[in-house]
Amino acid sequence: MNQETDASPPSGVRISKLLAKRGYCSRREADHYIERGWVFVEGVKVSELGTRAHPHAKITLAPEARRAQSQRVTLLLNKPVGFVSGQPEPGYEPAVTLIRRENQWRDPAHPDAPAFDPRCLQGLAPAGRLDIDSTGLLVLTQDGRTARQLIGENSGVEKEYLVRVEGELRAGGLEMLRHGLSLDGKALKPARVEWQNADQLRFILREGKKRQIRRMCELVGLKVTGLKRVRIGKVRLGDLPPGRWRFLRADERF
């Protein structure tokens, strides 16, 4: 384990970065744990921010950190049109304002779901974007591990969308939607795209560029008139009504 000093150049990797990379928590959470002495490198307690360690060092968390993680909540929201998923825009509200006691939905099949607690709003942030004019499944979480799994640079979690379109698809357009298009000068990852009916496509993506599906469709002659996200990983929107939210259950995994 090494620490930065004025006498020698920094070596190793910041422990907060290592913890995030290994999926233990977010960097912000790692700093929180380090400040409280809840992080151990090769069995030695670390309490100074900025401390570095060998990339392959053994890092463990104290039971207090594990308990703190277990108390962090993840919520599922069926976002309506007109709400922004992240930072508020003039004249529009962020989706997190819908997380209120009166908007909680209780699945009849799971009546033992916990009740709303104002503490679940602390540090709650969207794990991914959903355009202001799109609807469907939006994940909001206090858990950095969940956020990293869904939107981290190496995330490969599938997102499924039902997309209403109009216009005339160009020759070979369906194959281009599946693989061959570029946005912002970078080739897109392969996608699964198929017709559901005469005016609706089903998209399954493993990335999430800004307004990606709308821009992809424009490149092949189609205009999106409606877009709804119905699945993220193994978690489906299901019967969750528009504008309502529920807790992610203990038996659900993305």
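The values are calculated or read from the model by the stated rules, or taken from the named source; none is laboratory data. Computed from a prediction, not measured in an experiment: that's the story for all the values here. Because the Cβ atoms are built from the backbone with ideal geometry, glycine has one as well, and the counts that use them run over all protein chains shown.
If only one of Arg231, Arg244, Arg215 is surrounded by 15 or more Cβ atoms within 10 Å (Cβ to Cβ) and either within 18 Å of Gly173 (Cβ to Cβ) or aromatic (Phe, Trp, Tyr) (or both), which one is it?
Residue meeting the stated conditions: Arg215.
Okay, residues lined up against (1) closer than 30 Å to Arg211 by Cα; (2) surrounded by fewer than 16 Cβ atoms within 10 Å (Cβ to Cβ); (3) out of contact with any strand residue (DSSP E or B) (no Cβ under 6 Å at 6 or more places or on another chain); (4) at pLDDT below 90:
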{"site": "Lys45", "(1), (2), (3), (4)": "no, yes, yes, no"}
{"site": "Ile59", "(1), (2), (3), (4)": "no, no, no, no"}
{"site": "Ala68", "(1), (2), (3), (4)": "no, no, yes, yes"}
{"site": "Leu76", "(1), (2), (3), (4)": "yes, no, no, no"}
{"site": "Gly86", "(1), (2), (3), (4)": "yes, yes, no, yes"}
{"site": "Ala95", "(1), (2), (3), (4)": "yes, no, no, no"}
{"site": "His110", "(1), (2), (3), (4)": "no, yes, yes, yes"}
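Find the residue count for the stretch 46-59, including only residues that are under 11 Å from Tyr33 (Cβ atoms) and part of a strand (DSSP E or B).
Number of matching residues: 2.
Can you name every residue in the stretch 23-45 that is outside any strand (DSSP E or B) and either of a type in the set (Asp, Glu) or touching a Leu at 6+ places or on another chain (Cβ under 7 Å) (or both)?
Within the stretch 23-45, Tyr24, Cys25, Glu29, Ala30, Asp31, Tyr33, Ile34, Glu35, Trp38, Glu42 qualify.
Which of (1) surrounded by 14 or more Cβ atoms within 10 Å (Cβ to Cβ); (2) among the small types (Gly, Ala, Ser); (3) under 22 Å from the mean Cα position of the chain (by Cα) is the odd one out, the single condition Ala250 does not satisfy?
(1)
At pLDDT 90 or above, surrounded by fewer than 18 Cβ atoms within 10 Å (Cβ to Cβ) and polar (S, T, N, Q), is that true of Thr141?
The answer is no for Thr141.
Please indicate, with yes or no, whether at least one residue in the stretch 164-175 is part of a strand (DSSP E or B) and hydrophobic (A, V, I, L, M, F, W, C).
Yes, the stretch 164-175 contains at least one residue that is part of a strand (DSSP E or B) and hydrophobic (A, V, I, L, M, F, W, C).
For the stretch 151-165, enumerate the residues that are within 17 Å of Ile213 (Cβ to Cβ) and either surrounded by 17 or more Cβ atoms within 10 Å (Cβ to Cβ) or over 8 Å from the mean Cα position of the chain (by Cα) (or both).
Val157, Glu158, Lys159, Glu160, Tyr161, Leu162, Val163, Arg164, Val165
What's the total number of residues in the stretch 126-144 that are in a loop (DSSP other than H, G, I, E, B), among the β-branched types (Val, Ile, Thr) and farther than 14 Å from Pro94 by Cβ?
Of the residues in that region, 0 qualify.
Could you tell me which of the residues Phe40, Phe83 is outside the structural domain of Arg211 (by TED's automatic domain parsing) and under 26 Å from the mean Cα position of the chain (by Cα)?
Matching residue, one of Phe40, Phe83: Phe83.
Looking at Gly123, Gly91 in this structure, which one is outside any strand (DSSP E or B) and either among the hydrophobic types (A, V, I, L, M, F, W, C) or closer than 30 Å to Ala65 by Cβ (or both)?
Gly123
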